[in-house]
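Enquirer: This structure is in structure tokens; I'll ask about it shortly.
The values are calculated or read from the model by the stated rules, or taken from the named source; none is laboratory data. All values derive from a computational prediction rather than experimental measurement. A quick note on method: Cβ atoms are made from the backbone with ideal geometry, for glycine too, and the neighbour counts reach across all protein chains shown. What goes into the accessible areas is simple: the full protein's heavy atoms, side chains included, and nothing from ligands, DNA or RNA. Shrake-Rupley method; radii C 1.70, N 1.55, O 1.52, S 1.80 Å.
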Amino acid sequence: MDKEYLQKFAKHVKTLRKAKKLTQDDFDSPRISRSMYSHVELATSDITLSKVKAIADRLGVHPKDLLDFD
């Protein structure tokens, strides 16, 4: 697991979420739990592509936009 990459991803996802004025609770669904989403933002969990898609759908962005960070 590449911790630095996960931390950059986590920061980017959190920035997108806050820009949409969403809370972590807004991500609680059958596709991704609020707890799992929290782990994503804390960079404590490596996630699957299906979770990336679920987060992107909730944010209203394309999955590739979640990976567009530096």
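Enquirer: For H39, H12, H62, give the ranking by accessible area with the largest first, probe 1.4 Å.
Expert: H62, H39, H12
Enquirer: Taking 22 Å as R0, compute the FRET efficiency from the Cβ-Cβ separation of Q7 and D57 and round it to 0.05.
Expert: Calculated transfer efficiency: 0.40.
Enquirer: Given a 1.4 Å probe, how much area per residue of the chain is accessible, in Å²?
Expert: Per-residue accessible area for the chain comes out at 65 Å².
Enquirer: Per the Kirkwood definition applied to all pairs of different Cα atoms, how many angstroms is the hydrodynamic radius of the chain?
Expert: One decimal place: 11.8 Å for the Kirkwood radius.
Enquirer: Follow-up question, since we're still on this one. Can you send over the carbon and sulfur percentage of the accessible area for segment 1-41, probe radius 1.4 Å, protein chains only?
Expert: On the way: 1420 of 2750 Å².
That share works out to 52 percent.
Enquirer: Could you give me the ³J(HN,Hα) list for segment 6-13, computed from phi with Karplus coefficients 6.51, -1.76, 1.60 and θ = phi - 60°, whole Hz, x at Gly and Pro?
Expert: For segment 6-13, the Karplus-derived couplings read 4, 5, 5, 4, 4, 5, 5, 4 Hz, x marking Gly and Pro.
Enquirer: Over the chain, what is the relative contact order in percent, taking alpha-carbon pairs closer than 8 angstrom and at least six residues apart? Kindly include the intermediate steps, with their values, before the conclusion.
Expert: On the way: 60 pairs, mean separation 25.4, N = 70.
Reported as a whole number, the value is 36 percent.
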